[in-house]
1. Could you order the peptides 247-253, 112-118 from most to least packed, using the average number of other C-beta atoms within 10 Å per residue?
2. If you place +1 on the Cβ of every Lys and Arg, -1 on the Cβ of every Asp and Glu, and leave all else neutral, what size is the dipole of region 271-318 about its Cα centre, to the nearest 20 Debye?
3. Indicate the gyration tensor shape class of region 177-229 (rounded, prolate or oblate), computed on the Cα atoms with a ≥ b ≥ c the square roots of the eigenvalues: a/c under 1.5 is rounded; otherwise a/b larger than b/c is prolate and the rest oblate.
4. How would you classify region 302-362 from its alpha-carbon gyration tensor, with a ≥ b ≥ c the square roots of the eigenvalues: rounded for a/c under 1.5, else prolate if a/b is greater than b/c, otherwise oblate?
5. Multiply the residue gap between Glu269 and Asp189 by 0.36 nm, knock off their C-alpha separation, and tell me the result in nm, one decimal place.
6. Report ³J(HN,Hα) in whole Hz for each residue of region 273-279, in order, from the Karplus equation J = 6.51 cos²θ - 1.76 cosθ + 1.60 where θ = phi - 60°; Gly and Pro get x.
7. Would you give the gap between the C-alpha center of region 314-341 and the C-alpha center of region 134-158, rounded to a whole Å?
8. Label region 199-270 by shape, choosing from rounded, prolate and oblate, from the square roots a ≥ b ≥ c of the eigenvalues of the Cα gyration tensor; if a/c is under 1.5 it is rounded, and otherwise prolate applies when a/b is larger than b/c, oblate when it is not.
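We did not get these values from a lab; they are worked out from the coordinates using the rules stated. Because the structure is a prediction, the values reported are computed rather than measured. Heads up, the Cβs are rebuilt from the backbone with ideal geometry, glycines too, and the neighbour counts pull from every protein chain shown.
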Amino acid sequence: MNSDDFEFRVRDRVRAHARDLDRQMPPAPPLRLLLAVDRSVSAPSRASSFSLALAGLVVALLVGAVGVGSFALHSAPPSTDGSSKPAALPSPAWSAQPALLSGGMWVLTPSMISQDVIWSPDMSHFAVVSQVDSGTFTVFMFDKSGSWVGQAPGREAAWANNQELLVLPVAMDRGFLSTAFIATVGYNDEKTMSALPGRYSHLLGGANGTVSLMTESAYAIWRSGTLQKQRPGEVLAISPDGSLLAVDGVAGLRVEKASDGQVVRSWPEVRLGRYPTASFSQDQSHLVMTDVVGSKDALDVLTIRDGSATGLLAGSVAYGPTWLADQRIFAGDSAGSWWLISLDGKQTKMATIQPTARAAAISPDGAKWAAIDENGKLVIEGSGGALNLDTPPGPSRLYWSPDGTELVVVGGSKVAVFRP
């Protein structure tokens with residue numbers, strides 16, 4: 001594949017994603033309420049599987065200091081007392097509201113049409129990327145109890161550390177690019193946030209604060225407050241400890257070190273389709289891929305040590321592949337069945353739900369799994385019990401916290417958080 005073909009494919013992915021987003025998202029209602037957990041409910045629950053993870057949206061050219069070397073930037077402008085936050089923040093446009101108990105869930109402010117849910121490295125906070133109206137997206141921040149503790153403008157976000165996120169606002173140029181900013185837990189707007197050099201199409205965050213900022217056929221890595229020089233390719237996944245990257249490029253698929261771009265393993269023969277996803281196993285020894293061109297299977301597992309490849313799960317489509325600690329993979333197929341799959345090909349069916357829902361998730365330790373059934377009920381099983389709860393109306397998604405103690409359920413304009 002030549003570089004022109006690769007750049008065209010990446011541009012096509014980004015534009016297709018932008019069109020899909022416009023079509024799929026209706027105008028959001030006024031800010032109202034968020035759902036959090038009723039901590040009096042005891043139920044085993046935990047799942048982290050975002051169906052159709054659209055990893056790899058990339059467009060344009062990193063400029064300025066990023067192109068010639070590393071750029072160090074920390075937090076927002078310092079205050080006079082030496083803290084890392086701005087000296088004076090504008091009064092927030094919101095205030096915390098008392099929780100309301102409704103249907104076994106605590107209802108909080110605001111309402112959200114969620115696009116994504118992400119957890120800070122220490123799991124003390126989570127953020128919800130939400131559409132506020134047809135052209136406005138906001139990143140809402142919460143502590144683990146569900147209290148609303150901050151917000152920032154942004155259509156995408158990734159945690160850079162336990163108190164800061166990188167955010168991309170909605171405004172984009174014709175190349176689908178926008179400026180990235182550093183937001184802190186608390187109130188943020190573009191006047192209070194520090195801007196990174198360059199313009200970007202997409203952010204991809206890792207569990208420990210490593211963030212990839214994508215441009216046209218290139219990416220830059222943010223680690224420990226420093227933006228590294230750009231490298232060619234499109235980052236599809238970041239390993240659990242943030243040390244490895246799965247990168248698609250002109251020369252095929254490769255695994256690189258995040259620190260310096262050194263290639264650890266490459267697969268020149270691997271070509272990817274329009275919406276590929278990738279994720280590293282918890283021990284970082286394997287990489288599972290979807291949408292591999294020419295594959296007879298829905299999942300392809302690549303072994304980093306020796307480069308071998310194994311096809312799993314018959315069919316052409318797989319939803320939400322999630323690694324467990326024991327090297328099994330939780331994934332759904334086009335028929336609505338959800339499976340636990342071993343690397344030797346053994347499959348155990350966990351559930352069958354309506355094919356249009358795509359809503360199922362499993363805790364990282366595999367002890368609990370959750371799904372939305374054909375009646376819109378949230379079914380949580382494992383750890384010696386089962387629970388059935390009503391979910392918010394509308395399309396649903398499920399997100400487990402990395403430690404398995406929280407299950408975030410998105411439905412319609414509401415977000416519910418359940419604690420097992």
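1. Working: 247-253: 20.3, 112-118: 22.3.
So the peptides 247-253, 112-118, ranked by packing, come out 112-118, 247-253.
2. Details: 4 positive and 5 negative charges, 32 e Å.
The dipole of region 271-318 has a size of about 160 debye.
3. Working: a/c = 1.96, a/b = 1.31, b/c = 1.50.
Note, shape of region 177-229 comes out oblate.
4. Prolate is the answer for region 302-362, as a/c is 1.5 or above and a/b outweighs b/c.
5. My answer for the length gained is 24.3 nm.
6. x, 6, 10, x, 10, 8, 7
7. When both Cα centres are located, 30 Å separates them.
8. Because a/c hits 1.5 or more and a/b fails to exceed b/c, region 199-270 counts as oblate.
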